[in-house]
Every structure is written in C-alpha cells, then in structure tokens.
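Working notes, beginning with the structure itself.
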Amino acid sequence: MARILLVVALIGIVVVYLWRRRRAAAASASTVSQTEAADAPPPLLPGPRASLLEQHVRLWRRLPAPLQERLLPRLDEFLERILFTGAHDFQVTETMRTVIAAQACIVTLGHDDYPFDDLHGITVHPDEFVVEEADEDEDTGVVTEGYRTLSGQAHGSDRLVLSWRDVEEAQSREDGYNVVVHEVTHFLEHSHPGGDPAAHAALTAAYESLCAAVDRGEETLLDPYGAEDLTEFLAVAAEFFFERSADLAARHPTLYVLLRDSFRLDPASWAPTAVGKASS
Ligand SMILES: [Zn+2]
C-alpha cells in the first residue's frame, strides 16, 4: 500500500521519535466542566462502541456524521490487527484500546486506505516511562548517555509506546496536547513519506517562524517544543490542527491549509471542542 498520506517528506531517517514530558507546562490549561459536556451533541450512531466513543473520545464527539460512519469499520480493523501490550503487567482494557485506536484512526480518516499495515503493536504504560538515551555531540563526537522521561514514543513505523495517563488527560483539557495524534503523525510521516517541494517549503517556513518567535521569547500558540526540529514541529502542529483547529486556522492560516490538504480533513469546520468526562 503505497498511498502517500502526508505531503511532507523530511530529509534523513529518524528511527525513534521521542515525546518529552509536557504535563507540568500544561497544568494551567483550561479544564472544562461537566456542564459544558452536557452541551455536546448526542450520539449519532447507536451501539456500545459508539456510546463508549461518545463518552471517552472528544474528537469523536466533534466528527461530522459521515466521518463517524467511516471511522467505525476502520476502528474495527485496527483493533483486530494491532496488538496492545501493557508494560510491566499493566492491564490494557477494552476502553483503553478503543480510546487509543479511535484517535489514531481519526487522524487518517481523510484517506480511503487503511494506513497501519506497518504498525505491529502499541505498548501502553500506566504513566510516563523512562528510556535510556545516548546523545552524540556533532562537533566533538562526545556521546552523553542518560535517561529521559517520556509520555509517548514512536519506533519508526513499527511500534508506538504511550503513557495511558497522558492519553487520558488529553481528553479533559483544551491545550492542544494529544499524545496519540503526536505519535501517529510521526508514524505516518515515517511510513508514508512523500509530498511536493512546495508543501515542504511551506512547512519549513512555518517551522522557522516558530523558531524565531521562541528565540524572541514570544508567547506562541504552538507548543515551543515544536521548535526542536522539523519532525517535532509537524507532530506538534498536527496536535493543534486536531485539538485547537479554529485557533490554528485563525492564527496560522497557511499552516492550517497545508495540514488540511495533507490530512484531507477540515477539523475547523467540525463541531466546536467540547471537553467531556475523562475516560477511566
Ligand atoms: Zn515527537
């Protein structure tokens, strides 16, 4: 299956993408009350799976009915094919699998084909997890070894690793944070490279603009972590594209259109964000 999903082709191969801790920075983010959740539109599709999604997946509640219909068979296929493993005997429940799988599939709904052929499995940790890491200084060649605490990780196009606590918390906040969207974007970029030079140039320009704003110490809509490199910029921008669609469209219209054309989805036109019950 060679269909190109993302228009962005990045130079070089990065095998492991890391997601660093962001919970502390997001602590002041707004949490919306249950009252507002009551304003969410009613479920459009009957059935236990739809009601589980209605209860636990904010992006599902925003989806137009045709996209909800498109999601369900893809979600079934994903759950059938992808093996979920709990780290250190962590019990991954049906709800957890569904919440993770639904968000992964929503990212890909603009494209007809099932895009997860290369994904072998998802490992779920109860909370953030620690990985060993070795950094080589490009100038001196000195390798520094250490540890990093992560909320998510994408091993190329083979395996995703997620902190359930971070997956869950993203459902009750409106700060643009979504570790599933972030890691799935890395996966798609790695497994479906391609795209045209104009799109790549536009993405690079948006990335450099964020870097410049961060260097000037300005408050930015996009998380400054996106200034890390172009790959992280794309993943962070994708999070805001889905989680804070209207804000991204208003503040960065060119970037929004670039992502809209790439994902073939227009989330700014979906129902407004309504934060509901946190999943459990
Ligand atoms: Zn990343």
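Computed from the coordinates by the stated procedures, all read-outs in this text should not be read as laboratory data. Not measured: the values here are computed from a predicted model. All Cβ positions, glycine included, derive from the backbone under ideal geometry; neighbour counts span all protein chains shown.
When Rg and the Kirkwood radius Rh are both evaluated on Cα atoms of region 124-247, their ratio Rg/Rh stands at 0.98.
Using the count of nearby Cβ atoms within 10 Å as a rough guide to exposure, how do Arg74, Arg58 rank from fewest to most?
Values: Arg74 21, Arg58 27.
Result, fewest neighbours first: Arg74, Arg58.
Here's how it looks for His125: its modeled amide H is under 5 Å from those of Ala87, Leu162, Ser163, Trp164, which are all 5 or more places away or on a different chain. Amide H contacts for Glu174 (H built 1.01 Å from N in the peptide plane; partners 5 or more residues away or on another chain; cut-off under 5 Å): Ser30.
If only the Cβ of Lys and Arg carry +1 and only the Cβ of Asp and Glu carry -1, the dipole of region 16-269 around its Cα centre is close to 1080 debye. Applied to region 47-60, the Karplus parametrisation 6.51 cos²θ - 1.76 cosθ + 1.60 on θ = phi - 60° returns per-residue 3J(HN,Hα) values of x, x, 5, 5, 6, 5, 5, 4, 7, 10, 10, 4, 4, 4 Hz, with x for Gly and Pro.
A straight line joining the Cα centroids of region 224-241 and region 72-145 runs 18 Å. Relative intensity of region 16-269 on a log10 scale, I(q)/I(0) at q = 0.08, 0.15, 0.16 Å⁻¹, equals -0.31, -1.15, -1.33, per a Debye sum over C-alpha point scatterers of equal strength in the absence of solvent.
Phi angles across region 127-140 convert, under the Karplus curve 6.51 cos²θ - 1.76 cosθ + 1.60 with θ = phi - 60°, into 3J(HN,Hα) values of 8, 4, 10, 9, 10, 7, 8, 10, 10, 9, 6, 4, 7, 9 Hz, Gly and Pro given as x.
How high is the relative contact order of region 99-238, given as a whole-number percent (alpha carbon pairs under 8 Å, six or more residues apart)? It rounds to 19 percent for region 99-238. Relative to the current alpha-carbon distance between Thr204 and Asp229, full extension at 0.36 nm per residue lengthens the span by 8.0 nm.
Computed on the Cα trace of region 47-181, the radius of gyration divided by the Kirkwood hydrodynamic radius gives Rg/Rh = 1.03. With R₀ fixed at 35 Å, the C-beta to C-beta distance from His120 to Asp215 puts the FRET efficiency at about 0.35. Any idea how far the Cα center of region 160-177 sits from the one of region 243-260, in Å? Answer, in whole Å: 21. A DSSP coil position with no more than 13 other Cβ atoms inside 10 Å describes the following GluC sites (Glu not before Pro) in region 186-260: Glu218, Glu219.
Each residue of region 87-98 was assigned a 3J(HN,Hα) from its phi angle through the Karplus curve 6.51 cos²θ - 1.76 cosθ + 1.60 (θ = phi - 60°); the sequence is 6, 6, 6, 5, 7, 8, 7, 4, 4, 4, 4, 5 Hz, with glycine and proline shown as x.
For His120, the residues whose modelled amide H falls within less than 5 Å of its own, excluding neighbours fewer than 5 places apart on the same chain, are Arg159.
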